[in-house]
Structures are given as C-alpha cells and as structure tokens.
Amino acid sequence: MADQATLTRKDFQSDQDVRWCPGCGDYAILKAVQEVFPSLGIPREKFVVVSGIGCSSRFPYYMNSYGFHTIHGRAPAVATGLKTTRSDLEVWVVTGDGDALSIGGNHLIHALRRNVGLKVLLFNNRIYGLTKGQYSPTSEVGKRTSSSPYGSLDAPFNPLSLALGAGATFVARTVDIYQKHLIEVLHRAAQHRGTAFIEIYQNCNIFNDGAFSYMTDKSQRQEQGIYLQHGQPVIFGGEEKRGIRMKDMRCEVVTLGDGFSEEDCLVWDETNPAMAMLMAQMLPPDYPTPLGVLRAVDRPVFEEQVVAQIQAEIKSKGDGTLEELLHAGDVWTVD
Amino acid sequence: MTSSAVVHDSVEKLSDVVIRFAGDSGDGMQLTGTQFTNTSAVLGNDLSTLPDFPAEIRAPAGTLPGVSAFQVRIADYDIHTPGDAPNVLVAMNPAALKTNIADLEVGGILIVNSNEFNKRNLTKAYYTENPLTNGSLEGYRLFEVELTKLTRAALDEMGLGNRDRDRCKNLFALGMIYWMFSRPLDNTEAWLAKKFASKPEIIEANLRAMKAGWNYCDITGAFQTSRYEVVAAPLPAGTYRNINGNSALALGLVTASRRSGLPLFLGSYPITPASSVLHELARYKHYGVTTFQAEDEIAAVCAAVGASFGGSLAITTTSGPGLALKSEAINLALITELPLVVIDVQRAGPSTGMPTKTEQTDLLQAMFGRNGESPMPVIAPSSPGDCFSVAIEACRMAIQYMVPVLLLSDGYLANGSEPWRLPEVEDLPDLRLEHHGDAEDFQPYRRNPETLARNWAVPGTPGLEHRIGGLEKQDVTGSVSYDPDNHQHMTRLRAEKVERIARTIPPLEVDGDSGGRLLVLGWGSTAGAITGAVNLARKEGVKVSRAHLRHLNPLPSNLGDVLASFEQVLLPEINTGQLAMILRARFLKDIITLSKVQGKPFMRGEILAKIHQLTGASEG
C-alpha cells in the first residue's frame, strides 16, 4: 500500500506481462495513464478500470488498480452500474472502435446522454485487431481487409460527432504518440464531472499500420493538426500560418497574411455545441484534424442525482423499516 | 359453487364461489376484480385470483382481442387455485360474452350489459344473431341488465357527459356483485377517496354508480333469490395482506437487502410480465433501493454485474426473451464469481410468443441456456406469497456462494394474488455479511473451504486491488490462465460450488404416504392446481402422494430416494416436459408428463383426470 501523496507510475504497474504486439500504440497510452493516475491525488484503491473486449480491453490487467475485463461492448453498462452505486470511485472505461461503436454502440450513447461520471478512452485504430484485421466501424470506405477483399462498403462513424450527438458533456481527441498532449487531455478529463469521452488515435502496426501517418509524420504535425485551446483563435500550420474561419455556416481554411488575419478566425469556445459539431466534422483531406477538447460543459451528473433522489426520499419518509414495508397497504388480522 | 346451507329466507350461504368479470380493455375490469378481491380479503375469505388481459393496451373497442377479464375465487376454507369454471360471469359486451361463456359452469349466473348488445357490437364479436334472444343462453341463469342506461341515469344530476358517465359502468357492476355476495361498500369507498383525493367529482360519480348498482339488485325482484354469503375462512392467526407474486418478489428483495446489510440495486428493462417488480422497487427509495431502467436487457444485467462488483446486492428482472439476451452477461457473473439474482417472470414463447400469458417453458434455458459449462442455481416459487421467501432464498444463495442465481416465476404468479400472512421480522433469515477487508496475503480467488465462495473484495478497499474478467482465471490468484488442468479444475469447481448449496436446503417433503403407487410431483406455479387435484382425489379415496420442488438446481439430496419410492411419478408442467427430461437423465426414472401449453394454468380437473387414468379410478 502506497501513500497517496507518494504514488508514482510504478504503483500502477501490475505484475502481469504486457502482451500487446511490439510497436502497438497501446503501450504509449498505458504509459500516459500510469503517469496521470498517481498525479491526481486520489488513493489507488479508488481507481477502477473497466473494459470490454478487444486488444485495448486487456488494459485493466496491466494496471495495478481495481479492474474489470467485461464482455464485448458492455463496459459502459457495467461501469454505469458500478459508478451509480459507488460514486466514490474513479471509474475509467477503456474501449476500442469495434467494442464501443459496433457491438457496444448502444451502451456508449446511453452513458453519454445520462452523463454518468465515467472517463471513456476510445482507442481508435480503425481496424479489428484481436480478430485479425477485419474492417471496423471507423474504417474508411473502400478499405480492403480479410472480410472486405473488394473494399468495405460501410460509411464510417465519426466518433466525435456521435458523442456530441448523444449529448456528451466532455469530448476530446488526442493521439497515442503525442505523449504530452495525451497527458494534458487525460488531466482535463480527470477533472470533468459527468462522462468524459476521449477518442485516442492509436496505431495498429500489424493490421492498419500508418492509419494516421498523414498527420502524425513529423513533417505533417503542424500542417495536418489543429491544437484547440479554449479562448484562442483556431490557427495551425508551420511556417505558413493558416486559420479556420466561418463562411456560409461552414468552416473554411484561410491563409493568414493573405488578406486574412487572426481576427478573421474562429475563437475556440468549448461550450459552443454548434462549433464543436462543425469542428468534429472537419475531415482530411479537405481539413486539418482537430485535436484537444472540443466540448466541456457542466450538466447534472447521473449518479449524483440518483443518490440525491434516494436521500430526499429518506428525508421525507424516514429510513424505511421492514415492519413498515411488510405492513403497508390493506392489512387485516385473523385471531 | 359449493352450497353449505340456507342462512335465512333470502341469503344462501356458500362455501366457495368463482366470479369472472369480463369486458372491454377500457371497461376497468381489472380494477373491478381487484376491488372485489380486496374487500373479500378484508372480510377474511381465502382467495385466489387470475387476471387475464390482452397484450394490446387498447385494442379496438368491442372486439374479441380487446377483451380483458379478472377471475377471483373466494372461499370459507383454504383454497389453492382461482377455480376451474366460474360460477358467475359478468359480461360487459358481446365480445366479452363470446370469449368467456364456454368457461361458465352449466346453470351459472350470467349478468350481461344488454345495452351493448346492439347490431354494431354483435358484428364486432362475429355474432350473426343476438345470443340474448336466440335461446343459446338457456342453460344459464341470465340477468339482462341495462347497465349503460342505468349508470347514466344514476349520474343524471351531476352534469357529466355520456363519455364520463359510461366510465362508471364498472362500479355499477361492482355494486351489483357486492349486493349479490353480501359485501360492504366501505372498503371501495375508502379506496376511491384516497385514489381520487384531488378529483371529488370522480369520487362522487363512482360512488353513485356503485350504490346505484347495489340498490338496483336490492329492489329488483329477480335478484331476491340470488343473494349469497361466503364467510371468513379459518386462516392461521396473524396479520394478512392480499399480495400478487411480483409485489411479493419486490418485498422479498428489499427484505434480503435489509437482512444482509447490502444496498439493493435493480437493473431492469421493461418487459411483460416482469415490469411491475421494477415499478414497485422504484417506489422504495427510502429503503436505499437504487433502480436503474437500462437502455436494453443486456445493459440491465451488465449494470447489475457492475453494482455487484461494487458490493451491492444486485438484481435484474426480465422475462424469457430478455433472459436470452442476458445470457452472456450472466456467464460473466458466473466466471467472475460475483453474486447476482436474475428473475425471469416466464411468459408464453418462443420469440415474442404471447406476452401476457403464462408458461413454465424457460426451465431448460435457465439450466443450460449459456455458452460453456455454466451451472447455476435455479429456484422457483409456488404461489404469489411464496415469491417473498423464494426471493430471499435466491439472494442468500447468491451472496453466500458468490454465484448468479436464476429465479423462475411466471405470469400466473406475477399477476395472481392470495392472502399472505406477514412474517415476523425477527423470524426472517439473517443474511449479514461483510465484504473482504483483510489485505494480509490477499488473493481474489481464495475460497471459503465450506462453500467454496471466493473472497468478495470490493473496489475502494485499500490493499485489495485486483482484476477480474471473463477470461478463465487461475484458481486462488485470479490471474488469466490458459492452463488445461486449471480449466478442468475451475470447471469442476464452479459446478461443485452449486452442488454444495444442496447441503443447505431442506429435503423434499412428501405430502401423503412416503412411497406407493403414485406421486404427483410439481415445480413452480402448478402447486395450487396439483394440491387441489390431489385433495379431490383423496376425497374420492384414491391413494396419491404429492411433492413440490422449490430448488431445481441443485435438487434436494433426497429426491432420488423419493422418486424410487413410487411406482409412478406424474409431473404436470406448463411446457412439454422440461423438468421430466432433467429428472429422467439424472435419476434414470421414468416420469409421466402431463403437459399443457396454452398460455393458461392447469385446472384442478385436468390433473384429477390424469390421476384417475393412472390409478384406474373412475371418473368423477
């Protein structure tokens, strides 16, 4: 048992051998989470990592906290039951694009609409890894895989739009190998009350290697990524600065200096739902990829309301006794 | 109707009467039947009810699918079923007459609302001629009452429209039946006053209609020779309330929560006929109960599994189609060895089947409907009141053995009601339990040597951090394991844990001789009909024994001996012989199945006829 003030990354490393493929993006995410947990000032025994099925869902076994490796797609539902009855716990859900958006899509959207106090880390590698490389609900149209030899016909989900549409109160995107950014986003999520939804672009170097290299290649990081900051103009680019402005209710990329200045650009506002939705729908190759916090707002939290309702009833009716329970309604006595 | 004696010049004393109220879904027949039931309960009758309603909330008015009925049997002695054939039928329209008349006993009392027997309604009920005038009802004591007209007239001065006045027809009918069976009106008066406290006009209208119905019989000559009385039954001393099976389940679950000291969590998705358990528990927040209406059946059970991991007494309620959806998550509880109570209020299947009709067809699903070797305890209540103690027993097995438990109720028990003697709180089982707290040499899968239950260590406890999950685990350490010998060991261990529960359940009791020619064995809701049939057979001098199984897995340890002691074993089931299949396989004993799969409970007569056939006794 480690004192919470002195917790370190090591305290969250379990004794299990990590069995992801060498080079998998999951390692970087595990490292970041093990970095963030001890820094939050919360005792280790309060952390629970809940996962579904898939490569990412092995995550709890590698964390020396409480953990529950559940069944395919159902982690948000299991976590909802846990958090609703145990609001004292820090419940983190680890899931993947198949787990959260295919088989478990229903539970994800309902957790988001209820605003249960969960942190949902969606590792998006746009492929099924554990079942050996079939297309996933975030794979691009035309993707050739073992189950789509002539190209996938499915239009992909946009996880951020889906989360925003479901009423998420915290929506963010980051990338496995952007360790500093990833840790910043995890810290923001940890502070959020209600469901925090984080899409993490994660490279599967076996079945979908380079899925995000269009933006993660060193040369492209400034050109293809926008690092959103609340209250700051939406600007990106390397030597040549560019920005995003609103035109005809659409986002438009403009080059600064070329008749445009910072004043013409959108000023990022995490509380504006319309801006979040527009930003979520900026997709390559027409747009750079937005990263960071797209939405962060306060809304009543599910488990707090559940507890409040129970407390209010106890206050108004008194703590029920079994005698009262059994004798309620019309009773009669036989002598 | 069993006649005892004529009391005085106009009131005939009856021992036992079966009344069925039938009308359109919008006619308020369930309410009418419930009021008659509650009044009779307070008068001290033994009683048993059988509501029968369509799945459609309001099928088109006047049509056959829209008929809703409520049967109640009251008696001055201990009864076990809502009765085979009604002695009295109230038919509020032609459709209600058509769908129910075949059940009415020959010579029975038939009250019809003659105002509704117009051409339009007759056509809707597919009558080509009016049954009131074509002589087809000559075998019954027919009372044609202008119920619509009389109700409207009774409310004339209230300034209500016909639509509002017609809503009170059922109270007029109730008033008539109250008069006919010498019941006081005050119980229903008090109920109306409470129910419609903010709507004095509705209270007044219903009261006037009920009193008008009462007065109508009192002053109409035709009824003077049709007044009856059923006196109180000699029930054991105690305090009673009338209870249906789903309410009793809810009370049992709250009781188990209080007696164990564990907070109650219910994850549920609405489904007929289980929903009212959710409704009832949702009202018990001041008992610390958390109810969670999930997005689907799977989320409902998964949330319960999550709550169980967190240390709650976790329940999920459903019916057959929902149980099918929950099976993967139940297995998660099974392999992670977390306590969970799964309640299946069975209904007629397969698929959507007949949602409002009863069946016992999920036994094999409960026993075997999961992937892999996945034995779990299965238990079934035998009457509405028994649902209370079976719910407590299910919770006991779940938390003491760290297993998911399946409780099989059914639609008949869920909606049927009977007087229930309230237990004394101090007599209820003591289920106190503390979660594991000792961090010294902690291992998540270390077991209690007696029960084989693993440690229930809940998140938030310092020093007990551990991981569980659906992958096979090494015994003791709980680490993921693909070791062949460990898998064989864990498979055997999970079965052994369930088998050891048999050490804590009472042996099967045989009612009657402990061996002989014929044993009538049953499980679940057939108890009443079997008891009734066996009692009738014994009155005729037929030697027959009876036993009823509460625990279906594990089975009572003396069951094999009991079965071997009888030449013949008859097993009536509301399925095609599911328990019989299990018992044959387990004990190599031939079992005679009496099967009924009609969405309806057994009638005593059906079981009695089979007893006659097997014993060579003559009919009747």
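The values are calculated or read from the model by the stated rules, or taken from the named source; none is laboratory data. Because the structure is predicted, anything quoted here is derived from the model rather than measured. Surface accessibility is based on the protein's heavy atoms, side chains included, excluding ligands, DNA and RNA. Shrake-Rupley method; radii C 1.70, N 1.55, O 1.52, S 1.80 Å.
Filter B:Lys195/B:Lys357; A:Lys315/B:Lys195; A:Lys83/B:Lys497; A:Lys83/A:Lys119; A:Lys10/A:Lys46 down to the pairs with a C-alpha to C-alpha distance above 21 Å, please.
Too far apart for the 21 Å limit: B:Lys195/B:Lys357; A:Lys315/B:Lys195; A:Lys83/B:Lys497.
So, in Å, what gap is there between the alpha-carbon centers of the stretch A:251-265 and the stretch B:302-366?
The distance from the Cα centre of the stretch A:251-265 to that of the stretch B:302-366 comes to 59 Å.
Only protein chains counted, 1.4 angstrom probe. Which residues of the stretch B:230-253 are at least 20 Å² less accessible in the assembly than when their chain is isolated?
At a threshold of 20 Å² (probe 1.4 Å), the residues of the stretch B:230-253 that become less exposed are B:Leu235, B:Ala237, B:Gly238, B:Thr239, B:Tyr240, B:Arg241, B:Leu251.
How much of the accessible area of the stretch B:489-620, probe 1.4 Å, is carbon plus sulfur, in whole percent?
Exposed carbon and sulfur together represent 49 percent of the surface.
Which whole-Hz couplings ³J(HN,Hα) result when phi for each residue of the stretch B:501-515 is put into the Karplus expression 6.51 cos²θ - 1.76 cosθ + 1.60, θ = phi - 60°, listed in order with x for Gly and Pro?
Here the 3J(HN,Hα) series is 4, 4, 5, 10, 10, x, x, 5, 9, 9, 8, x, 4, 7, x Hz.
Could you order A:Thr95, B:Thr220 so the one with the most accessible surface comes first? Probe is 1.4 Å.
The residues order as B:Thr220, A:Thr95, largest area first.
To the nearest 100 Å², how much accessible surface do chains B and A cover up together, summed over both, with a 1.4 Å probe?
5300
List every residue whose amide H lies under 5 Å from the amide H of B:Tyr240, counting only residues 5 or more places away in sequence or on a different chain, with H placed 1.01 Å from N in the peptide plane.
Here A:Trp332, A:Thr333, A:Val334, B:Leu422 satisfy the definition.
If you count only protein heavy atoms and use a 1.4 Å probe, how large is the accessible surface of B:His279, to the nearest 10 Å²?
Estimated to the nearest 10 Å², B:His279 gives 110 Å².
Taking only Cα atoms, what is the 0 to 90° angle, nearest 10, from helix B:29-42's long axis to the longest principal axis of chain B?
Orientation of helix B:29-42: about 80 degrees from the principal axis.
Measuring with a 1.4 Å probe in the full set of protein chains, what accessible area per residue, in whole Å², belongs to chain B?
The answer is 37 Å² per residue.
Express the carbon and sulfur contribution to the solvent-accessible surface of chain A as a percent, rounded to the nearest whole number, probe 1.4 angstrom.
51
If one takes the longest principal axis of the Cα atoms in chain A, at what angle in degrees, from 0 to 90 and to the nearest 10, does the Cα axis of helix A:105-114 lie?
That helix lies at roughly 70 degrees to the long axis.
Under a cut-off of 22 Å between alpha-carbon atoms, report the lysines in cross-link reach of A:Lys132, not counting same-chain residues fewer than 8 places apart.
The qualifying lysines are A:Lys143.
Any idea what the relative contact order of chain B is, in percent, if you count C-alpha pairs under 8 Å spaced at least 6 apart?
12
Straight-line reach from B:Lys285: which aspartates and glutamates fall under 13 Å, measuring Cα to Cα and dropping same-chain residues less than 8 apart?
Output for B:Lys285: A:Glu313, A:Asp319.
From the phi of every residue in the stretch A:42-50, what ³J(HN,Hα) in whole Hz does the Karplus formula 6.51 cos²θ - 1.76 cosθ + 1.60 yield, where θ is phi - 60° and glycine or proline is x?
In residue order, the calculated couplings are 10, x, 4, 5, 8, 8, 10, 9, 10 Hz.
Reachable lysines from A:Lys241, Cα under 20 Å, same-chain residues fewer than 8 places away excluded?
A:Lys218
Using only Cα atoms and rounding to the nearest 10 degrees, what angle (0 to 90) does helix B:245-260 make with the longest principal axis of chain B?
40
Compare each residue of the stretch A:297-313 in its chain alone against the assembly with all protein chains, and report those whose accessible area goes down by 40 Å² or more; 1.4 Å probe, heavy atoms.
A:Ile310
Could you give the distance between the Cα centres of the stretch B:466-509 and the stretch B:158-188, to the whole Å?
60
From the phi angles alone, apply the Karplus equation (6.51, -1.76, 1.60; θ = phi - 60°) to the stretch B:536-552 and give each ³J(HN,Hα) in whole Hz, x where the residue is Gly or Pro.
Going residue by residue, I get 5, 4, 5, 4, 7, x, 7, 7, 8, 9, 9, 8, 10, 8, 9, 8, 9 Hz, with x marking Gly and Pro.
Averaged per residue, what accessible surface does the stretch A:1-57 expose to a 1.4 Å probe, in Å²?
For the stretch A:1-57, the per-residue accessible area is 46 Å².
Using only Cα atoms, locate the centre of the stretch B:58-90 and the centre of the stretch B:581-614, then give the distance between them in Å, rounded to an integer.
25
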